[in-house]
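Derivation of every value follows stated rules applied to the coordinates shown; laboratory data play no part. Model, not experiment: these values are computed from the prediction. We place every Cβ from the backbone using ideal geometry, glycine too, and count neighbours over all the protein chains shown.
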Amino acid sequence: MALHTWLLYLLAVIGLSLTPGPNGLLALSHGALYGQRKALFTIAGGVLGFTLLMALSMLGIGTLLKASAEALTLLKWLGGAYLIWLGIQLWRAPALHLSLAEKAASRSDATLLRQGLLSALSNPKVILFFGAFLPQFLDPHADLWLQFAIMALTFALVEGGVEYLLARLAHRIRPWLQRSGKGFNRCCGGLFALMGAALPMTR
C-alpha cells in the first residue's frame, strides 16, 4: 500500500471512528459505569468483532476481483454512493441521548468482552459498510491480503484508541453529546458524504 493511500485511509478511519455508533456508545457507557480499565475489555471485544467483519468483507471483495479486475471500479462507485446515503441518514438522525443508571452491579471481564464483541457482530450493515469502504483504498495489482492486514491493524489501533478515549472521558463527553448531538451528527454526516463523493475519483 502506497504511503499517500495509507495516509488517506488513516484520515478516513479517524473520521469513521469519531462517528457515533453502538460500540462507541457502549464504551462510553461502560467507562462511566465500570471505569476505564474495565471498559478495555468492552473495547477489545468490539475491535475483535470489527476485524472479523472486515475479514469477511475482504474475502468477498477478493473473490469478486479474481473474477473481474474491472469490478473494483464498479465497487468504488457503488461504495461511494452508499457512503453518501449513510451521510444523509446520519445528518438527519436525532441527537444522541444516553442515560445511565446511578449505580451498576459489577460485571466480569469476560461479560464485558462478550458484550463488545456481540455489539460489533450483531449489526449486519457493518459488513456492507466495509464492503463499500475498503475498495476505495485497494490496489488490485498489489497483494490484497497484505493490504488488508495493514488496513485491519490501522483500523484496530484507531478505533480502540478512540473508544478508550471515550471511556476515559465518559463523564465529560456524555453531557456534551446530549447538548450538541445534532450538530455533531451533521458534522459526521457531512464527512461521510464528502468521502463518498471524493474517494471513488482518487487513484
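Quick look at the numbers
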item: Cα-projected label distance for Leu128 with Leu59, points at 7 Å along beta-carbon direction, nm; result: 2.0 nm
item: Residue-by-residue Karplus 3J(HN,Hα) for the stretch 33-38, coefficients 6.51, -1.76, 1.60, Hz, glycine and proline x; result: 7, 10, x, 5, 5, 5
item: Contour excess over end-to-end distance, with Cα ends at Ala67 and His4 and 0.36 nm allotted per residue; result: 19.9 nm
